[in-house]
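The values are calculated or read from the model by the stated rules, or taken from the named source; none is laboratory data. Because the structure is a prediction, the values reported are computed rather than measured. Methodologically, a virtual Cβ is constructed for each residue, glycine included, from the backbone with ideal geometry; neighbour enumeration extends over all protein chains shown.
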Amino acid sequence: MSKFWSEAIRQLTPYVPGEQPKVSNLIKLNTNENPYPPSPKVAQAIHSFDSERLRLYPDPDASLLKQTLADYLSVKPAQVFVGNGSDEVLAHTFMAFFRQPEPLLMPDISYSFYDVYCNLYGIECRHIPLREDFGIALSDYNLANGGIIFANPNAPTGKVLPLDDIEALLKQNTESVVVVDEAYIDFGGQSASTLVDQYANLLVIQTFSKSRSLAGMRIGFAIGNETLIEGLERVKNSFNSYPLDMLAQVTAIEAIKDDTYFKETTQKVIDTRDWTTSQLASMGFKVVPSGTNFVFASHRYIPAAELMGFLRTHNILVRHFSRPIIDNHLRISIGTDEEMQALIDCLKSHPEVTT
Ligand code: PMP
């Protein structure tokens, strides 16, 4: 705490990301990264990139990337916004649309960065409890509101909300912006990006960090009606007119173009997730059906915090959230088959785990 901090800064509770260890002998299943490298086309593009170009500023509009994404998702380039990771796209979204007289509605268990942005921008928010099975109770989102945001599939539960339900929600809430954060959509569920031409209040946010294996490049994007995208561009241009560096733009384009590699690696992660789920279930874990690249699991009687510590002593990192309702769950990212086998073997060696 410094005497130079403003009152607003004193009140901030910043987001704490999962550990990025400095040593390499760990099995890292704590931050939902992809266990496979990005497409070989990304590596080629990096190798042949002419560093002389770095003298210049990047394209502030990322036009080629927007065109590539627009073609891929069958929308117009003016319906695409790109930013430095979806975290930044979310920050601009909160700034552009959620500073309203009515509160923002969101599930009580969701991506914890949403609360951080509310705090940062002074946005009042109302948390709507999830159902007991971690489903989103849609009828509770009909209150007068200054916007709605949820992740689909949800994080950290991994639970999918069907597209029909999202459409019903959009029909009930035509006067407020509805943001669907689809960071994990490629691993399960149906994207709402197909609905953006029908619903002027829908904004869909996705990332290159998970299914495209480019977390280190920090690339996220939003798809929506042109006027929503223009709102985001206004905020961006009042903040940093160059949101994506040159190399990020080049590599993102290559990653989108290599659809075969994307489909192959995504399917591998899904298969490994399903295997991990059945292994955990046979060991007395309750596993939430997952549409993501992680599983959310609780053991019948061993506390999650204890299991996380046990795994840590065996050099396996997983995530645990000490928040009510979910504090007995572990969030385990899906790694390679070998990594997941090591996780299962380690859990089997715990004295209280029976198979
Ligand atoms: N949304 C959700 C639901 C997430 O879990 C994450 C990753 N932590 C993000 C957005 C942000 O991803 P990125 O900034 O890497 O695009």
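Tallying residues that are in contact with a Gly (Cβ under 9 Å, 6 or more places away or on another chain) and farther than 19 Å from PHE310 by Cα within region 8-28 yields 1.
Just one of the numbered conditions (1) within 16 Å of the ligand (Cβ to nearest atom); (2) in contact (Cβ under 8 Å) with a residue 60 or more places away in the chain is not true of PHE97: (1).
Screening ASP71 against (1) over 17 Å from ILE205 (Cα atoms); (2) in a helix (DSSP H, G or I); (3) among the acidic types (Asp, Glu) leaves a single unmet condition, (1). Applying the selection to region 108-124, what residues are within 16 Å of the ligand (Cβ to nearest atom), in contact with a strand residue (DSSP E or B) (Cβ under 7 Å, 6 or more places away or on another chain) and more than 22 Å from ASP327 (Cα to Cα)? Of everything in region 108-124, just one residue is within 16 Å of the ligand (Cβ to nearest atom), in contact with a strand residue (DSSP E or B) (Cβ under 7 Å, 6 or more places away or on another chain) and more than 22 Å from ASP327 (Cα to Cα), namely CYS118.
Of all the criteria given as (1) modelled with pLDDT of 95 or more; (2) within 25 Å of ASP59 (Cα to Cα), the one not satisfied by GLN198 is (2).
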